[in-house]
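Below: the structure, in structure tokens.
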Amino acid sequence: ITISKGMDYTDELPAKVSDIFQFIINEYPRFYDNLSEIIIENERWIFFCDSNTRVFTTSDNLFTQLNILKYFEKTVYPRRELDDYLYIDLRVEEQVVVKEKNRKG
């Protein structure tokens with residue numbers, strides 16, 4: 001976990017991080033297993049997967065956005081996996097914005 005230098009650190013942040021990890025471990029273990037880093041900034045959290053896929057979320061709707069990501073992953077599987085994307089942006093309400101990784105062949 002990396003907390004950005006310009007972050008407005010509050011007393012609630014450790015509890016929020018703990019709640020997010022509990023949620024991911026219990027409700028979305030597949031995502032947890034592939035998680036390599038989280039960067040926390042004032043307005044957003046960036047999740048880095050082992051495959052270098054970045055997932056962008058806003059700091060105020062994390063649980064909703066992670067549920068959307070879980071549902072998105074179910075809808076694209078088995079043709080695609082999260083590893084197939086360079087990034088997945090969940091910051092726009094009711095939208096999932098993705099960029100696929102360049103594929104050879």
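Given the condition modelled with pLDDT of 95 or more, among the polar types (S, T, N, Q) and in contact with a Ser or Thr (Cβ under 6 Å, 6 or more places away or on another chain), answer yes or no: does some residue in the stretch 45-63 qualify?
The answer is no; no qualifying residue exists.
Which ones in the stretch 47-62 are out of contact with any strand residue (DSSP E or B) (no Cβ under 8 Å at 6 or more places or on another chain) and within 19 Å of Thr10 (Cα to Cα)?
Asp60, Asn61
Count, please, the residues in the stretch 40-64 that happen to be closer than 21 Å to Asp84 by Cα and over 8 Å from the mean Cα position of the chain (by Cα). Give the steps one after another, and end with the answer.
Taking the stretch 40-64 as the starting set, the residues that turn out to be closer than 21 Å to Asp84 by Cα are 45-57.
Right, trim to over 8 Å from the mean Cα position of the chain (by Cα) and you get 49-53.
So the count comes out to 5.
The values are calculated or read from the model by the stated rules, or taken from the named source; none is laboratory data. Quick caveat, the model's predicted, so the values are computed rather than measured. Here Cβ is always computed from backbone atoms with ideal geometry, including for glycine, and neighbour counts include all displayed protein chains.
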